Amino acid sequence: MGISDKEIETAFNSYYGLLHRYAYTILRDNEKASDIVQQVFVRICNRKELIQIDYSLKTYLYKSVHNNCLNALNRDRKFEPLNTMHPTAQGTGTSEYLEAKELQKSIGISIEKLSPQCKQVFLLSRDEGKTYNQIAADLNISVKTVEAHISKALRFLKEDLEELIHV
């Protein structure tokens, strides 16, 4: 089966900008977003004969970009603790500061809604900067379980905070 060169070219021309913006919303880094989207298209070109798409190519591309962004975030592991508020991130105006404080408060409330173990895993990762392997060892659980808790927490936070973050 596979994907034709024409389909890849059409998809690239149609979706590159949209995929880049999507990757940027996850990574908050323009260069990394470009790299991720390019990597997805290169991988598709290299494996076009093997790829079997059971749904639309657009959906496949978005899912690939999403997964690659999450993998990049996990590799980087340079998350800021959630309770850290830097003045440069807050903006210079009072309204930006208040909005940042309100968002921080909302994030804290959402985190409290997580199940105890999911919350513990999430905070060890984000606040203490521990790797998945370290968390798994500390809590005597598998790395896959850690990954599942982090994914669940991120999904929940995205849904719970959707109105505030406009994702």
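Rule-based calculations on the coordinates, nothing more; no lab input. Since we're looking at a predicted model, the values are computed, not measured. As a convention, Cβ positions derive from the backbone with ideal geometry for all residues, glycine included, and neighbour counts pool all protein chains shown.
Other residues with beta-carbon under 14 Å from the beta-carbon of S4 carry, at +1 per Lys or Arg and -1 per Asp or Glu, a net charge of -1. Distances between placed amide hydrogens fall under 5 Å for I3 paired with E49, I51, all partners being 5 or more residues away or on another chain. A dipole drawn for the range 5-76 from +1 and -1 charges on Cβ atoms has a positive end, and of I36, F12, N46 the residue lying farthest that way is I36. In terms of its C-alpha gyration tensor, the range 5-76 has a prolate overall shape, because the principal axis ratio a/c (a ≥ b ≥ c, square roots of the eigenvalues) is not below 1.5 and a/b outweighs b/c. Summing Lys and Arg as +1 and Asp and Glu as -1 over all other residues whose Cβ lies under 14 Å from the Cβ of Y24 gives a net charge of 0.
The listed peptides 108-115, 51-58, ordered by packing as a protection proxy, come out as 108-115, 51-58 (highest mean of other Cβ atoms within 10 Å first). At what distance in angstrom do the alpha carbon centres of the range 16-64 and the range 107-151 lie from each other? Taking the Cα centre of each part, the range 16-64 and the range 107-151 sit 28 Å apart.
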